[in-house]
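One structure is given here, and the rest of the page talks about it.
The values are calculated or read from the model by the stated rules, or taken from the named source; none is laboratory data. Just so it is clear, the structure is predicted and the values come from calculations on it, not from any experiment. Cβ placement follows ideal geometry from the backbone for every residue including glycine, while neighbour counts extend to all protein chains displayed. Please note that ligands, DNA and RNA were not included when accessible areas were found on the heavy atoms of the full protein model with its side chains. Shrake-Rupley method; radii C 1.70, N 1.55, O 1.52, S 1.80 Å.
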Amino acid sequence: MNPVYHQAKFINSAPNLKHAPPDHGLEIAFAGRSNAGKSSALNTLTRQNALARISKTPGRTQMLNFFAIDEHRRFVDLPGYGFASAPLAIKQQWQKAIEEYMNRRKALCGIVLVMDARHPLTEFDWLMLEWCGHSELPVHILLTKADKLSFGAAKAVLLRVQEELSGAPMPLTVQLFSSLKKSGVDEAHQALDHLFTRPDEA
């Protein structure tokens, strides 16, 4: 476990890059479907109950939310995709914000892609992975809500996802994770440490 992540502090919410913090240092962005448990995962990894907003209504993360780890590193919670019951115009606005961030943000050094272990590799997940592959951006996949599956079933999902992504063109790792049971935190922290280390800084 790396206690530095417990220091995470909210900076601001930005509807677009114009309102984002200065583009320097390193950022890891958390992406995933609106009901995949992204906010819960962020709170668990930072050992904070309310760093990221949690709601029973998917799609509450509606802006780019920036969190400072230290002076040089940040987490970015991207708007959830694919499920939110919001007007089409609002969804398109979220999509534009995500695309703008991922295409233009120089500080972006890695993606944590959050998937519900019961429903991994959705169409939206594949689109995100395709973009990361094209950009050669490292990805760490959190298969959340692993506690909802038996031990054997969870392991089977992990192996299937690893196998399906074995030919990925970018660095990619996968793990099981449960915010409820607080399982997988140490492994996730190690992955974050690795993502924050760019090749030219290793």
Which length gain, in nm to one decimal place, applies between residue 72 and residue 156 when the Cα-Cα distance is subtracted from 0.36 nm times their residue separation?
26.5 nm
Could you work out the relative contact order of the chain, using alpha carbon pairs under 8 angstrom and six or more residues apart, expressed as a whole percent?
24 percent
Could you work out how much longer the chain between residue 104 and residue 180 gets when fully extended? Use 0.36 nm per residue separation minus the Cα distance between them, nm to one decimal.
23.9 nm
May I ask you to list the lysines whose Cα is less than 22 Å away from that of residue 96, ignoring any residue fewer than eight positions away on the same chain?
18, 38, 106
Spatially proximal aspartates and glutamates relative to residue 9 (Cα-Cα < 15 Å; intrachain offsets below 8 disregarded):
27, 70, 71, 77
P(r) for the stretch 133-198, please, calculated from all Cα pair distances in 10 Å bins and given in %.
20, 48, 28, 4
Any aspartates and glutamates whose Cα falls less than 18 Å from that of residue 145, other than same-chain ones fewer than 8 residues away, would be 116, 125, 186, 187
What FRET efficiency comes out for the pair residue 163/residue 136, r = Cβ-Cβ distance, R0 = 22 Å, nearest 0.05?
0.55
How much area per residue is accessible in the stretch 108-193 when the probe is 1.4 Å and only protein heavy atoms are counted (Å²)?
48 Å²
Want the number for residue 170 to residue 47: 0.36 nm per residue separation, take away the alpha-carbon distance, what's left?
41.3 nm
Report the longest stretch of the chain that contains none of the trypsin sites (Lys or Arg not before Pro) sitting in a DSSP loop with at most 16 other Cβ atoms within 10 Å.
119-180
Note on the chain, DSSP bridge orientation, antiparallel percent to nearest 5 equals 30 percent
Size of charge dipole - the stretch 131-202 - debye, nearest 20, with Cβ of Lys, Arg +1 and Asp, Glu -1, no other charges
460 debye
Given R₀ = 25 Å, what would the calculated FRET efficiency be for residue 127 paired with residue 18, taking r from the Cβ atoms and rounding to 0.05?
0.50
Percent of accessible area on the chain owned by carbon and sulfur, 1.4 Å probe?
53 percent
Please report the equivalent ellipsoid semi-axes of the chain, computed as sqrt(5 x eigenvalue) of the Cα gyration tensor, largest first, in whole Å.
23, 20, 18
